[in-house]
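No value in this document is a laboratory result; all are computed from the given coordinates. What you see is a predicted model; the values in this text were computed from it and never measured. Methodologically, a virtual Cβ is constructed for each residue, glycine included, from the backbone with ideal geometry; neighbour enumeration extends over all protein chains shown.
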């Protein structure tokens, strides 16, 4: 009989479910599992405090109030921005974390926890880009050369999942599910690989695919969640055209790291089927791209079936 | 998966390096908190078993369950005692059964009554444990040290009062067995025991309670027995039919899922877990 510890909490605009399978011969004690889960949750909280664009007191919002000067930031914020900028470079700015203020102007301004409008008072400038952000690794500083707001939505949740996974690593068999961004390790409660469904982008009650995998992160970016209040834009915006990307309905990416999977799913979504698929192939990650007419494109080694 | 064996490219390597950097920088703080948590747990642990007076003869329902939990989860007396101190769940709402699917032979659809009925000692303990565990965790937020707090208060008294003998001690095992007859082994090909089982799933918009019934090894009834979400549950009303048709959720997780359907699946999974 399986012995599964389920732990659920709300964080980062979503619900996080951690599942620890404990029926193995050398399974950790209940206390050990609880401790690990508690540390995993702490990572989510810490990363949210740093990276939440919707919270006026977050580190990322404070950073946006100090354009033009190098600001010493936490390792969390530094690494999240560092990675987001690298993805921006690799996609020629189609993915761009400096899009925060633009997202606000599209109506993405509500703090999911309070429902409060938390828009910053920064000017909207269509011209800001990732090139306006300078990092200094030695001093761990970030300099914003233009007044801009960083949106780390595609990176922070993945980073939190990766951190949580590090804490749970000794427990071997577990899954972390943060609102559909999933990381699985070891075996599922039935001692097999984890069965992961990919949501059908046009019907919430259906799965478009099911995979049996382990030791991998699976993240999906879709056009079906979080429409803004003031327009018909969904939450993934092509930073180069500033319109919601519409050539794809959803992109699922499999990678060792949830941060990588999440960011590449978002980037591929913005790029469209052809360039998106090429991006995934170039980085040796697997993925499934689904168009609005439900045509599916998969990388060569995507474990479908 | 083949990913790990393959050469990594820039972004993949950079991502991995970033994760390591954050973990390394942050570990010092979490490690300290974890250590504190661990120390406090040790402080709360009851005296070693061999010195403990045997509780047999005065075994109450709570103690038996406690011993069972210790057997199940290792020697974590304080933790399990605290969990049992929490009341059994079933929120005091009278939300009607929102959505249900059932086979013809079943007509009754009063989840709360049935839940109480099937809440034998065993079910009650498991429910309490599951809900208390998640509550205790959910209540914590800022630090691991804080996480220890909800466990502490009821535990210190409860744990000393109900000292747990090692699960292997024969006399205790003997008093324990009548209180909780082991489920009969399942015949091959049968996944679940017959009975009614309740599971809970949480979402940011509220909680979902699902009830399943298993009859002759098959799911004969699935219901969203309580839908405590802020919004109507209509958008997940087809899910019970799906579970019924497929005889269980056929996946562990759904990538890209909406939160409410996630909550429903977790509720079903938890219920089926109890049926095993």
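Spin-label model, residue B:238 to residue B:191: label points 7 Å out along the Cα-to-beta-carbon direction sit 2.1 nm apart.
Between residue B:25 and residue A:89, take the C-beta separation as r, use R0 = 41 Å, and let me know the FRET efficiency to the nearest 0.05. Taking R0 as 41 Å, the efficiency between residue B:25 and residue A:89 is 0.95.
By other beta-carbon atoms within 10 Å, ranking A:145, A:212, A:90, A:7 with the fewest at the front produces A:145, A:212, A:90, A:7. Counting every other Cβ atom within 10 Å of each residue's Cβ, A:58, A:270, A:214, A:127 order from fewest to most as A:127, A:214, A:58, A:270. Within 10 Å of the Cβ of each residue in A:197-206, the mean number of Cβ atoms contributed by other protein chains is 5.
Here the simple spin-label model places points 7 Å from the Cα toward Cβ, and for residue A:138 and residue A:29 these points are separated by 4.8 nm. The separation of the range A:123-168 from the range A:268-303, counted between C-alpha centres, amounts to 25 Å. From other protein chains only, count the Cβ atoms within 10 Å of every residue's Cβ in A:3-13, then give the mean. Mean inter-chain Cβ contacts per residue within 10 Å come to 6.
When A:210, A:75 are sorted by how many other C-beta atoms sit within 10 angstrom of their C-beta, beginning with the fewest, the order is A:210, A:75. In this simple spin-label model, placing a label point 7 Å from the Cα along the Cα-to-Cβ direction at both residue A:281 and residue B:247 gives a separation of 4.2 nm.
Please give the FRET efficiency for residue A:131 paired with residue A:293, using the beta carbon to beta carbon distance and R0 = 35 Å, rounded to the nearest 0.05. That pair, residue A:131 with residue A:293, gives E of 0.50.
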